[in-house]
Amino acid sequence: MTDTSKGKSPKEIFKHLRDIGCCKLCCLRYLGERSQYAYQNPDEALQMKSLVDEVEDTENPTKLKKDNVCTACLGLLQENFRETFIEKIITDVNTADYDCREFSCALSMPVSFCLRTHSFNLHIDEVFPSETDEPAEAKFMSVKEVWKWIASPLIAKGISKSFNPNKDCDFSITISIGYEDDEKECNCLMDMHKEIYEMRKKQKRKFKDCVLSRKSVESLLLSTDPSHFKKFYPSPPNIPNTSFTCSAVAPLHNSLFIAGRYNKYSRTLSQTPWIIDGKRLMETSVQELLCNPIIEISKADDLRFASSGREDVDVRMLGKGRPFFCELINPHRVHLQPSQFRNIEKAIASTTKDVAARHLQIVSKDQVSQIKAGEEEKVKLYSAYCIVSGDKACVDWGKLESLPPKCPIVLQQKTPIRVLHRRSLATRERTIFRLEVCKTETEESKAFILKMATQAGTYIKEFVHGDFGRTTPSLRDLLGTDVDILALDVLDIELDWPPEVNYDEESESVT
């Protein structure tokens, strides 16, 4: 413990703090104590420093010392108030049932707490001037930090997790603190800074319900002259009539990212839920068939789905499949094993013939960025079943077979008419890298199969029929005849992501 005041002993400071309504732990804070052990054992710490007489404090406590709500912490650090509070936190977190192994805590304090803290700091600086110019935030431990020192070991034991004081912890418990007289105490700010708050009231769109946000109040108080502040708010603050309340306990786990590849074998299935004007057009989607089992096993609140591009409803996704990931929002189960992912893949296969999943695995947030990195440089392989138009038309194999040597073919593609309702009008340059012409199995005179390797983002259907001249050159231009596409398959997406899972190794590790 350090004595930072001029000419006053720690005992004198302690007595004054107790007289104005501070609990023992807040006394230790304003005496500059920085030992966690002292806050966890305040009576021992006070006796060792000869700040309190054991008989006086334990056998003949005054009403002020024992029963009042602490004027500095609103009871948050007082044992008789905090025990029930901590029990509620433990109960709420255990009810939420997360399987993570560590946690962090955050306290959200009422706005009036800023006023009380500022008032106290001014009072301490006035009554017990410091020998240093350090701001109060540097000299004194905050209520939040002291509370964490006391509460975190108890919470950790109650929820069977270890406390992580760092900001990088994936699982956090945010506790919102309420105070019955919060609005009443904050009303003084309207008079203290009348012009500012009158202006904010008029700017309803900008400030909405945050005219008295904690951040704005903290900023204002730092620029407020102490003498002006004391005209509107007492220093030290009055002893509160009621203690703090626990408004909410909100446990939250950071997102978990599950990646894999999927195949789609249906020509009547959208990638994501297809809803127009509030009406669902299809019973299910690729996203739901893939992700519903993942949500179920992770017990996530929600998810966001993303993939390396998307195929149309009537296009199949074959080959190794399309890379995708789903971001699980607030998952309650995060320690998922490879065997569980294999079970999900099997469950999907057993419930639908339209979709298959493979290589399911947990990936990091940094890894998911790879799915979008260099999006336009990816190469995608397609197979298109094409047909020439006209009663007497037939395939001109000479012209078709002359196309592969012309590659690469650079296209200018205006946004297709069919997607103009959801994409901005633009002209995009895309490249056909390779072409291969094949006959159909039945060797129909009007039909042929066109296999191609293209730049990601190429509109294949529009390349075939030209989209009324919006794609140039098109296959229609190159052949000099009307041509259309009857069926399209994605054969492969040349993206080595996520890493392939070696199923044989997993099986061996299990056995």
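The values are calculated or read from the model by the stated rules, or taken from the named source; none is laboratory data. All values derive from a computational prediction rather than experimental measurement. Virtual Cβ from ideal backbone geometry, glycine too; neighbours counted across all protein chains shown. Calculation scope for accessible area: heavy atoms of the full protein, side chains included, ligands and nucleic acids excluded. Shrake-Rupley method; radii C 1.70, N 1.55, O 1.52, S 1.80 Å.
In summary, Q361 fulfils each of the numbered conditions (1) more than 24 Å from the chain's Cα centre (by Cα); (2) under 26 Å from S266 (Cα atoms); (3) surrounded by 14 or more Cβ atoms within 10 Å (Cβ to Cβ) with the single exception of condition (1). If you check I362, I417, I387, I432 for being hydrophobic (A, V, I, L, M, F, W, C), touching a Pro at 6+ places or on another chain (Cβ under 8 Å) and at negative phi, only one passes: I432.
If you filter the range 337-355 down to residues that are touching a Leu at 6+ places or on another chain (Cβ under 9 Å) and not in a helix (DSSP H, G or I), you find that the one that is nearest to F324 (Cα to Cα) is V355.
Among the residues of the range 87-110, not a single one is β-branched (V, I, T) and over 29 Å from H335 (Cα atoms).
Check D477, D482 and return the single one that is without any contact (Cβ under 8 Å) to a residue 60 or more places away in the chain, open to solvent by 40 Å² or more (accessible area, probe 1.4 Å) and not hydroxyl-bearing (S, T, Y). Unique residue meeting the criteria: D477.
Only a single item in (1) open to solvent by less than 40 Å² (accessible area, probe 1.4 Å); (2) in contact (Cβ under 8 Å) with a residue 60 or more places away in the chain; (3) farther than 29 Å from C169 by Cβ is not met by N121, and it is number (2). Of all residue pairs spaced 6 or more apart or on separate chains, those with beta-carbon atoms under 7 Å, a first member in the range 362-382 that is touching a residue at least 60 places away in the same chain (Cβ under 8 Å) and a second member that is assigned to a helix (DSSP H, G or I) are Y382/I460. Against the criterion of being assigned to a loop (DSSP other than H, G, I, E, B), open to solvent by 10 Å² or more (accessible area, probe 1.4 Å), under 18 Å from G309 (Cα atoms) and of a type outside the set (K, R), S424 qualifies.
Q370 passes every criterion in (1) modelled with pLDDT of 95 or more; (2) closer than 19 Å to R310 by Cβ; (3) open to solvent by 20 Å² or more (accessible area, probe 1.4 Å) apart from (1).
Yes/no per residue for (1) assigned to a loop (DSSP other than H, G, I, E, B); (2) open to solvent by less than 20 Å² (accessible area, probe 1.4 Å); (3) at pLDDT below 95:
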site	(1), (2), (3)
L28	no, yes, no
Y39	no, yes, no
S50	yes, no, yes
C70	yes, yes, no
L77	yes, yes, no
E87	no, no, no
I90	no, no, no
T95	no, no, no
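Quick check on the range 385-404. Is at least one of its residues surrounded by fewer than 17 Cβ atoms within 10 Å (Cβ to Cβ), at pLDDT 95 or above and in contact with an Asp or Glu (Cβ under 8 Å, 6 or more places away or on another chain)? Looking through the range 385-404, at least one residue is surrounded by fewer than 17 Cβ atoms within 10 Å (Cβ to Cβ), at pLDDT 95 or above and in contact with an Asp or Glu (Cβ under 8 Å, 6 or more places away or on another chain). Can you list residue pairs whose Cβ atoms sit under 6 Å apart, with the first residue in the range 176-199 being open to solvent by 40 Å² or more (accessible area, probe 1.4 Å) and the second being among the β-branched types (V, I, T)? Count only pairs 6 or more apart in sequence or on different chains. Partner pairs satisfying both residue conditions: E180/T242.
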